[in-house]
């Protein structure tokens, strides 16, 4: 079966990438805001999927991703905060996801999920919660395109950055090759992004800091200045 998405990570060659989180977008003005942040230099759109079970909140589903895929050619990085990530791989791949990222805490067979994502031709990533040690990704570190370190507890936007995650970022960076990405998500603003960058992160997910700003495009540019 052919899937509309394509692994974006080999083609995103910048030293540091910005991924606005659509969890914080104003859906009444989503197209306008998406166009603005992409024009300002953001490279990826980050999409948080919550099932109300793995995390205590609900968010978007495949129909929203499908509409986004029709609207923009920008890479869609789908973060699955769900109890059964294997169940959701196919629906989001069919909807147009370019990269699928699941929590290591949600499965005891991460290698099988990564293999399935690879079969679909999509980017493959794993995520760790704040309380999960860096060593949890070791068994699959050589199989993935990226690791996402949650720098807040997953489930809600607008939380404060957890500085105790910086040593974990450093530890995971040491496990990865130069070609693999290390993404951070949670409380990311120019100051915290600078700290994460120094620790080894190179993909920065920001929601409220961008979309709740008076000028989202200016917020992207300010974040870019902080991580370069």
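Read the figures in this text as sums done on the coordinates, not as results from a lab. Computed from a predicted structure; not experimentally measured. All Cβ positions, glycine included, derive from the backbone under ideal geometry; neighbour counts span all protein chains shown.
Observations, loosely collected:
- Packing, taken as the mean count of other beta carbons within 10 Å per residue, orders the peptides 187-199, 58-70 from highest to lowest as 187-199, 58-70.
- Packing order of peptides 120-131, 7-18, 90-101, highest average first: 90-101, 120-131, 7-18 (average count of other Cβ atoms within 10 Å over each peptide's residues).
- Sorted by Cβ density within 10 Å, fewest first, the residues 3, 71: 71, 3
- Sorted by Cβ density within 10 Å, fewest first, the residues 164, 51, 77, 185: 164, 51, 185, 77
- Rounded, prolate or oblate (a/c below 1.5 giving rounded, otherwise prolate when a/b exceeds b/c) for the range 159-205 by Cα gyration tensor: prolate
- Three-way shape call for the range 9-227 based on the alpha-carbon gyration tensor, with the a/c threshold at 1.5: rounded
- Over the range 9-227, Cα pairs under 8 Å with separation of 6+ residues give a relative contact order of 22 percent.
- Going from the residue with the fewest nearby Cβ atoms within 10 Å to the one with the most, 72, 177, 151 rank 177, 72, 151.
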